[in-house]
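The next block holds one structure in the form of structure tokens; read it before the comments.
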Amino acid sequence: MAAQSSSTGASQAQTRDQAGPSGAIAAGRRARQAVREADIRMLGDAAPPYMPDQLICAPAFEAHEPDTRLYLGDCRNVLASLPDRGTVDLVFADPPFNWDVPYEGDWNDGMERAAYERFTFEWLDGCIEALSPTGSLWVNIPDDTAAEIVLHLKRRGLVMVNWCVWHFRFGQCRNTSFIMSKVHALYFCKDPDARIWNPDAVLEPSDRAAIYNDPRTMAKDTNKGMRVPMDVWYGQYWGRIQGNNKERRPGHENQIPEVYLERVISACSNPGDLVLDPFCGSGTTSTVARAHGRRSICIEQSESIATSAWNRITEVGMVRKGASSGRSSAIHAKRPSKKGTPAT
């Protein structure tokens, strides 16, 4: 369902989106226009552009019901020749972070900063061109590149809907700074009023219901005791995928939990819609998309990684379907309420 169809009037939509005097999405529209007019330049703009050296038109792997394709090669080559350009309903991207990870194949994960920014802008541009007018784009990215991506998407005319945070309790131990325990989940769209948005598909128990026994939340006309998730994501099954985790795929770096993709795909696409992931990795996006009846396209530069991901997508499948919604994320136990008075 489109965002505009989920409200019963403009005033209600404004109230829902309000995060200050004029509302966050309204502010996002103004920011988009201001950034485009400012003609802001970043380090990557001066780096030499990438020229696609080959057009990759045929997928290396393909399955049906629903249509699922995996292309092999540099995502910039694939995106430049993708026959589905302009029709993709949802893009989810978890790109290389440029942290010197020893990925399979000949990928250089230690680029000079300008070159990495140029690479980032180019694959983002390819994804924007692939999006339909009602489409949304999500990017999973750490602190050091989040700001550049936000600024580039605004200057390309997209509107920020949310700057979410994926929070996990077990960050990698360090003594030189605070332990990193989050990654940014950036949610942009082409048209806030026409975007696909399904809030009822991702509801969770509210703190009012889960902790405070507040009768007001049970007195609502719909979705009693439930709410749309907050923009910091954590809880059961939301940790980093490592060790003996049921979802763990050996040989894959930086695997994202299924609940993360399930929330994004459920909220921002409908059954039968087309989902695109330019960095396939372990195949989580297409695995979840396929389990929920979405068509999908993913791209991977390493043949061995692609082969392993395809096995997961088509043979193993999703192992925690439905785990992203309906579970409380409350951080306190339920509190007893005083007899005759609502809990506060």
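The values are calculated or read from the model by the stated rules, or taken from the named source; none is laboratory data. Source: prediction; values computed, not measured. No Cβ is skipped: glycine too gets one built from the backbone with ideal geometry, and neighbour counts run over all protein chains shown.
Just so you know, in segment 1-45 the residues that are surrounded by 14 or more Cβ atoms within 10 Å (Cβ to Cβ) and among the polar types (S, T, N, Q) include one that is modelled with the lowest pLDDT, and it is SER7. So, in segment 26-46, of the ones that are outside any helix (DSSP H, G or I) and among the aliphatic types (A, V, I, L, M), which residue ends up farthest from ASN98 (Cα to Cα)? The qualifying residue farthest from ASN98 (Cα to Cα) is ILE40.
The residue of segment 291-344 that is farthest from TRP123 (Cα to Cα), among those that are basic (Lys, Arg) and at pLDDT below 95, is LYS339. For segment 96-127, filtering for residues that are among the β-branched types (Val, Ile, Thr) and out of contact with any Asp or Glu (no Cβ under 6 Å at 6 or more places or on another chain) leaves 1.
One line per residue, one yes/no per condition, for (1) over 30 Å from PRO336 (Cα atoms); (2) touching a residue at least 60 places away in the same chain (Cβ under 8 Å); (3) in contact with a His (Cβ under 8 Å, 6 or more places away or on another chain); (4) small (Gly, Ala, Ser):
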position: PRO215; (1), (2), (3), (4): no, yes, no, no
position: GLY235; (1), (2), (3), (4): no, yes, no, yes
position: LEU261; (1), (2), (3), (4): yes, yes, no, no
position: ILE265; (1), (2), (3), (4): yes, yes, yes, no
position: ASN270; (1), (2), (3), (4): yes, yes, no, no
position: PRO278; (1), (2), (3), (4): yes, yes, no, no
position: VAL288; (1), (2), (3), (4): yes, no, no, no
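Would you check which residues across segment 250-271 are farther than 20 Å from SER181 by Cα, in contact with a strand residue (DSSP E or B) (Cβ under 7 Å, 6 or more places away or on another chain) and outside any helix (DSSP H, G or I) and list them? If the condition is that a residue be farther than 20 Å from SER181 by Cα, in contact with a strand residue (DSSP E or B) (Cβ under 7 Å, 6 or more places away or on another chain) and outside any helix (DSSP H, G or I), then SER269, ASN270 are the ones that fit. Of all residues in segment 296-320, those that are within 18 Å of PHE92 (Cα to Cα) have Cβ atoms under 7 Å from Cβ atoms of residues that are basic (Lys, Arg) and modelled with pLDDT of 95 or more, 6 or more apart or on another chain, in SER296/ARG290; ILE297/ARG69; ILE313/ARG290. Take the conditions (1) surrounded by 20 or more Cβ atoms within 10 Å (Cβ to Cβ); (2) under 17 Å from ASN254 (Cα atoms); (3) of a type outside the set (Gly, Ala, Ser); ILE149 misses just one of them, which is (2). Got at least one residue in segment 155-177 being of a type in the set (Gly, Ala, Ser) and buried (at least 16 other Cβ atoms within 10 Å of the Cβ)? No, segment 155-177 contains no residue that is of a type in the set (Gly, Ala, Ser) and buried (at least 16 other Cβ atoms within 10 Å of the Cβ).
Checking each residue in segment 121-144 for being touching a strand residue (DSSP E or B) at 6+ places or on another chain (Cβ under 9 Å) and either of a type in the set (A, V, I, L, M, F, W, C) or not in a strand (DSSP E or B) (or both) picks out TRP123, LEU124, CYS127, ILE128, ALA130, LEU131, LEU137, TRP138, VAL139, ILE141, PRO142, ASP143.
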